[in-house]
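**Q** Dropping a structure here in structure tokens format, bear with me for questions.
The values are calculated or read from the model by the stated rules, or taken from the named source; none is laboratory data. On a predicted model such as this, the values are computed, not experimentally measured, just so you know. Note: ideal-geometry Cβ built from the backbone for every residue, glycine included; neighbour counts use all protein chains shown. Note: areas computed on protein heavy atoms with side chains; ligands, DNA, RNA excluded. Shrake-Rupley method; radii C 1.70, N 1.55, O 1.52, S 1.80 Å.
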Amino acid sequence: MVHTGEHLVLVDAGAGKAFGPDAGGRLLNSLRAAGYRPEDIDAVLLTHLHGDHFAGLTAEGKAVFPNATVYVEKNEADFWLDASKEKTVPEVFRPFFPQAAAAFAPYLAANKVKKFSGSTELLPGVRSIATPGHTPGHAFYAVESKGQQMQFWGDLIHAKDVQFRSPGVTIKFDLDSAAAARQRLKAMTDAAAKGYYVGASHISFPGIGHVVPEGKAFTWLPANYSVAGLKP
């Protein structure tokens, strides 16, 4: 979640209950623990349309974030929200099509879905970065303020201990594995050179840190954090 001063922005919406009652669904409690309500969110930026990133948009068919506009890259939306594409992909991807249709339904009905193309400014200080490969319209989001930047990488990384050392390693969930590998090397090279913070969904807590050069590859330096003051 990013508070821009004008907007309350959520990057991805989690899996909700898509993978079972005990395999997700903690996002709303985390928001409330931070002092926010789901209805406070006015923008949800989706990195891509795999269920673990969008299924939390709805619960029992209703919008979880009723006041939010959902932003999604046009190629991404046009692919996963087109049921005719389901038969063109391997079996592992097919559940995402009905999941996407269900998750987007209340937002589409309320005219709360905004498609964008490529790399563009979506909100003041918030821009998308086109990174197709893992999916047709996979997107990073960059947040900039006072000369500093943080990027949210979605599914660029799945296996931290492998892919920082070997950015060319891909997984079966990459629709275009060669493009995904190119995007990973490009992003890691840029982050290591410029030193900005990165947030990545599949890196263990805190999931925020820096990319550091190591030999001919990279390593991950997590942000420092403290549990002081947390209730047991």
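**Q** Tell me, which helices (runs of 4 or more DSSP H) lie completely within the range 36-141 with 2 or more residues that are open to solvent by 10 Å² or more (accessible area, probe 1.4 Å)?
**A** Filter on the range 36-141 gives 74-80, 96-109.
**Q** Restricting to the range 185-232, give me the number of residues that are in contact (Cβ under 8 Å) with a residue 40 or more places away in the chain, surrounded by 16 or more Cβ atoms within 10 Å (Cβ to Cβ) and part of a helix (DSSP H, G or I).
**A** 2
**Q** Restricting to the range 1-31, name every residue that is at pLDDT 90 or above, open to solvent by 20 Å² or more (accessible area, probe 1.4 Å), in contact with a strand residue (DSSP E or B) (Cβ under 9 Å, 6 or more places away or on another chain) and more than 24 Å from Ala142 (Cβ to Cβ).
**A** Leu28
**Q** Is it the case that the range 158-169 has a residue that's touching a strand residue (DSSP E or B) at 6+ places or on another chain (Cβ under 9 Å), open to solvent by less than 40 Å² (accessible area, probe 1.4 Å), assigned to a loop (DSSP other than H, G, I, E, B) and under 27 Å from Leu49 (Cα atoms)?
**A** Checked the range 158-169: at least one residue is touching a strand residue (DSSP E or B) at 6+ places or on another chain (Cβ under 9 Å), open to solvent by less than 40 Å² (accessible area, probe 1.4 Å), assigned to a loop (DSSP other than H, G, I, E, B) and under 27 Å from Leu49 (Cα atoms).
**Q** Name the residues in the range 13-70 that are closer than 24 Å to Lys85 by Cα and among the aliphatic types (A, V, I, L, M), would you?
**A** Hits for the range 13-70 are Ala13, Ala15, Ala18, Leu45, Leu46, Leu49, Ala55, Leu57, Val70.
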